[in-house]
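Peer 1: Before we start, here is the structure in question, set down as C-alpha cells.
Read-outs throughout are calculated quantities, based only on the coordinates presented, and are distinct from any laboratory measurement. These numbers come from a predicted model, not from an experiment. Backbone-built Cβ (ideal geometry, glycine too); neighbour counts: all protein chains shown.
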Amino acid sequence: MAGPDRAMDSAPLSPTSAVFPTGGTVRPVVRWGTDVMHRPARAVTSYDQELRMLVADMVATMHAADGVGLAACQAGVDLSVFVFECPDASGTVHRGVVCNPVLDVAEGRKRRLDESEEGCLSYPGAFIECARPDWARVTGQGLDGEDVAYEGDGLLARCLQHETDHTHGTVFGARLSDRARKRLRRQMEAASDDYGEAWPVGEGDAEGRTGTDTSGEEPAR
C-alpha cells in the first residue's frame, strides 16, 4: 500500500513487530492489469531460504517505494504473503510478515467505516477515498511458519485489509464506484511520468530503514 510523504523513523515500534530479513534487491512493482495481480495467490507451504529471499526483496522494494505494505504479487510472485511496516491510529509502528493471511474485521454495532484516502504502489501516484472498517485483525504464518497475528486501527487497519485483498487477487479499485475509478485513473495517468516501468528500482538504498513514512492521522499518500 502506498504511504504518505512524511517519514516516521522516530515513531515507537510495537513489541510484537517482526524482524525483517535484510539484503534484499529492489524489484520493479508490478502494475494493475498484470495477470498475477488479479487472481488468488498460491498458499505458502515451504518456509525455506527461497521464501526468506523473496521477503527480503519485498521489504527492500516497499522501502524504496516509500510504501507501508507490499504483497508478493506486486513483486511478480504468485504466493500468498505480504509484508507491512505501518502505524496505527496512535502512531505506533507495526512491522510484520504474514503468509496465508486470514482477515477479521469489526462487525455489527462495533463496525465503523473509515473513509480516508487510499493508494496502491501498483497504481502509483493516485489516491482516493475508500471506505473500510476502522479495525482489522490478520492471522497467518510468519517467515518461519510460526503462527502470527496482527491487529489495529487507523492506517494499520486499512493496510492489513489492502494487503490481504492482494493475496485474493483484489485491487482496491474494485471496491470503488465507476466514477471514483475514473478519477483514480486520471490521477495515475497524470503522474505516470514520475513512475517508469522499473520503478522503484534506482530510487536509492532503502536497506537499514527501521521506521515508516506515515501516521495514523494522515491520508495514505
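Peer 1: So which cysteines in the chain don't have a second cysteine's C-beta under 4.7 Å from them?
Peer 2: For the chain, the answer is CYS73, CYS99, CYS120, CYS130, because their Cβ atoms have no other cysteine Cβ under 4.7 Å.
Peer 1: Gaussian network model of the chain, Cα springs within a sub-10 Å range: biggest mean-square fluctuation belongs to which of THR61, THR167, THR139?
Peer 2: Of the options given, THR139 has the highest mean-square fluctuation.
Peer 1: With n ≥ 4 as the cut-off for DSSP H runs, can you work out [θ] at 222 nm for the chain, using -39500 (n - 2.57) per run divided by the number of residues, rounded to the nearest 500?
Peer 2: Rounded to the nearest 500, the figure is -6500 deg cm²/dmol.
Peer 1: By how many nm would the segment from LYS182 to LEU13 lengthen if fully extended, with 0.36 nm per residue of separation less the alpha-carbon distance?
Peer 2: 57.1 nm
Peer 1: Turning to a different aspect of this structure: Can you give me the long-range amide H partners of ARG27? Hydrogens built in the peptide plane at 1.01 Å from N, cutoff under 5 Å, separation of 5 or more residues or another chain.
Peer 2: THR61
Peer 1: Same structure, new question: Near the amide H of ASP153, under 5 Å away, which other amide H atoms are found, from residues 5 or more places off or on another chain, if H is placed in the peptide plane?
Peer 2: Residues meeting the amide H criterion: ALA89.
Peer 1: Expressed as a whole number of Å, what is the distance separating the alpha-carbon centroids of the stretch 171-193 and the stretch 122-168?
Peer 2: The distance from the Cα centre of the stretch 122-168 to that of the stretch 171-193 comes to 20 Å.
Peer 1: If I stretch the segment between GLU107 and ALA43 completely, what's the gain in nm (0.36 nm per residue apart, minus their alpha carbon distance), one decimal?
Peer 2: Length gained between GLU107 and ALA43: 20.4 nm.
Peer 1: In addition: Just one of [x] 20.2; [y] 15.1; [z] 11.2 is mean projected area of the Cα convex hull in nm² calculated from these coordinates, so which is it?
Peer 2: Label of the calculated value: [z].
Peer 1: I would also like to ask the following. Estimate the FRET efficiency between ALA131 and ASP35 by the formula 1/(1 + (r/R0)^6), using the beta-carbon distance for r and 35 Å for R0, to the nearest 0.05.
Peer 2: In this case the efficiency is close to 0.80.
Peer 1: Moving to a separate point now. Which one of VAL36, LEU54, GLY140 is farthest out on the positive end of the charge dipole of the chain, using unit charges on Cβ (Lys, Arg +1; Asp, Glu -1) and the Cα centre as origin?
Peer 2: Result: VAL36.
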